[in-house]
Amino acid sequence: MSKIHVIGGGLAGSEAAWQAAEAGHEVVLHEMRGVRSTEAHATDRFAELVCSNSFRSDDAENNAVGLLHEEMRRAGSLILRCADANKVPAGGALAVDRDGFSQDVTEALTAHPNVTIVREVIEGLPPEDWDNVIVATGPLTAAPLAEAIKGLTGEEELAFFDAIAPVIHKDSIDFGTAWYQSRYDKPGPGGTGKDYINLPFSEEEYNRFLDALLEGDTAEFKAWEKDTPYFEGCLPVEVMASRGRDTLRFGPMKPVGLTDPRTGKRPYAVLQLRQDNALGTLYNMVGFQTKLKYGAQGDVFRLIPGLENARFARLGGIHRNTFLNSPKVLDTELRLKAMPRLRFAGQITGVEGYLESAAMGLLAGRFAVAEAEGRAADLPPLTTALGALHGHITGGHIGDGKGSFQPMNVNFGLFPEMAAPSRDPEGNRLRGKEKGRARKRLITARALQDLEGWLGQARAAA
Ligand code: FAD
């Protein structure tokens, strides 16, 4: 049986390698870190989380992200197994100890008898005798390989900027001001209802902070970067602030569901900090990705009540993103139409986020296995979260790939429509938001049912 080559041991490549190895195939995983790093990675471990430590909502009944978690668990995902094993309290979210998580992924792949790990940079197109290749090199794909791919697709490289948020040492936060509380005291799975650290602003403090933020010195763009847009889902905090004085107060700094114990009242605005490691010694600033210069970050963020003496374990920054115009250049099995021995997975396919990248790794790994076994891949039903994402990047049910293609997190908008029920199972009439919630529950129930059918087919084919 021919080998499956996976280039890139990030979120997608690790999952792809695992899926193929677990299906009994020999996998060679080529990862450059250890030889060369990227602008964002700090270690040579597989599946390193470069910014937030959160895989977002774990609510499989009401949330498309939580649903994707559950589908991946059922499909034997390594990333979800290691995330569950390294969970830290984060309300209803699945957040992890980043070091423990990537250490577990690294150990699982290293110990797998079907996986060979090679630490090397793939400098251009892979050798011609690699006939089943998964390219999972991520948003920071090393330049020579990115150039080679660009040469094949004939597409102008698409790029935009993402930004990352700072991380703070908890023992430098002033708990005379800060308090623990999850929004609306919602405990979420494994949470306590007190999973976040909150920093309150009065109107005056908010305005002072906003002025400083807007005046703060930001990192310079290089000439070629000037026309590159931001990804709307991950805007730097100072860019959001520039859109209006209340934008932050109604966005990442919204105070709803939070009560300052010193006053018994809802503050004017709140910054939330989320636990970043298992020990609970580090917390990240939720929604505070930034491109302020390092010196300015310290000055501006120490104006936040409770952070006057904050020590930063990591400051924020910006990075480029690289992704294909997938609906146009990939086929439904994620192969490059111009060179079908290359299959793509992860953020480079135009999904956004750790989880979504891993999900596309899961599919690419399974598709590569089908190819190695000489059969057509079973595509996930469009009604599942895996299928909805796959549909987004391959054009599926959402269009013909001719329109503007933008990276996307998983969300209910990608699923086929389902009418909201007018009554609950007891026959009571549903109204407004209740209807919306009931509709989501129908979508998630249908997804898990259809997923079981898809997994059953895959088991039968193996
Ligand atoms: P990666 O995890 O980046 O893995 C790609 C791997 O390929 C890397 O290990 C790299 O070293 C290797 N590689 C690259 N080129 C080569 C080559 N030529 N030869 C061999 N190996 C190569 N998503 C979130 O959900 N939350 C966040 O907070 C978040 N913040 C981000 C911050 C930054 C700075 C960046 C860059 C991205 C962020 N993302 C975030 C987006 C995205 O989810 C992650 O980048 C995610 O890691 C993508 O998974 P991936 O497997 O596609 O790529």
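The values are calculated or read from the model by the stated rules, or taken from the named source; none is laboratory data. Not measured: the values here are computed from a predicted model. For neighbour counting, all protein chains shown are included, and Cβ atoms are generated from backbone atoms with ideal geometry for every residue, glycine included. Calculation scope for accessible area: heavy atoms of the full protein, side chains included, ligands and nucleic acids excluded. Shrake-Rupley method; radii C 1.70, N 1.55, O 1.52, S 1.80 Å.
Could you give me the residue pairs with C-beta distances under 8 Å whose first residue belongs to region 342-355 and is in the same structural domain as A368 (by the TED database) and touching a residue at least 60 places away in the same chain (Cβ under 8 Å), whose second residue is among the basic types (K, R) and within 6 Å of the ligand (Cβ to nearest atom) wherever it lies, and which are 6+ apart or on separate chains?
none
Output the number of the condition that P340 fails; it satisfies all remaining conditions of (1) open to solvent by less than 40 Å² (accessible area, probe 1.4 Å); (2) assigned to a strand (DSSP E or B).
Result: P340 fails condition (1) only.
Does A359 meet the test of being within 24 Å of R98 (Cα to Cα), away from the ligand (no atom under 16 Å from the Cβ) and either in a loop (DSSP other than H, G, I, E, B) or open to solvent by less than 10 Å² (accessible area, probe 1.4 Å) (or both)?
In short, no.
Which count do you get for residues in region 193-239 that are at pLDDT 80 or above, within 30 Å of D84 (Cα to Cα) and open to solvent by 20 Å² or more (accessible area, probe 1.4 Å)?
Residues meeting the conditions: 2.
Can you run down the residue pairs with Cβ atoms below 7 Å, 6 or more apart or on separate chains, where the first is in region 301-315 and at positive phi and the partner is open to solvent by less than 40 Å² (accessible area, probe 1.4 Å)?
Going by the 7 Å Cβ cut-off, the qualifying pairs are G306/I173; G306/T177; G306/A178; G306/L199.
Looking at region 27-126, what strands (runs of 3 or more DSSP E) fall wholly within it and have at least 1 residues that are among the β-branched types (V, I, T)?
Passing ranges, in order: 27-31, 93-96, 115-119.
Could you give every pair whose Cβ atoms fall below 9 Å, whose first residue belongs to region 174-185 and is under 12 Å from P305 (Cβ atoms), and whose second residue is open to solvent by 70 Å² or more (accessible area, probe 1.4 Å), counting only separations of at least 6 or pairs across chains?
Note: pairs meeting the criteria are D174/E308; D174/N309; G176/R262; T177/R262; T177/E308; W179/K194; W179/P261; W179/R262.
Yes/no matrix, rows are residues, columns are (1) within 16 Å of the ligand (Cβ to nearest atom); (2) open to solvent by 40 Å² or more (accessible area, probe 1.4 Å):
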{"position": "H5", "(1), (2)": "yes, no"}
{"position": "G9", "(1), (2)": "yes, no"}
{"position": "V28", "(1), (2)": "yes, no"}
{"position": "R56", "(1), (2)": "yes, yes"}
{"position": "L80", "(1), (2)": "yes, no"}
{"position": "S102", "(1), (2)": "yes, no"}
{"position": "V105", "(1), (2)": "yes, no"}
{"position": "P113", "(1), (2)": "no, yes"}
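For region 186-215, what are the residues that are in a helix (DSSP H, G or I) and not hydrophobic (A, V, I, L, M, F, W, C)?
E203, E204, E205, Y206, N207, R208, D211, E215
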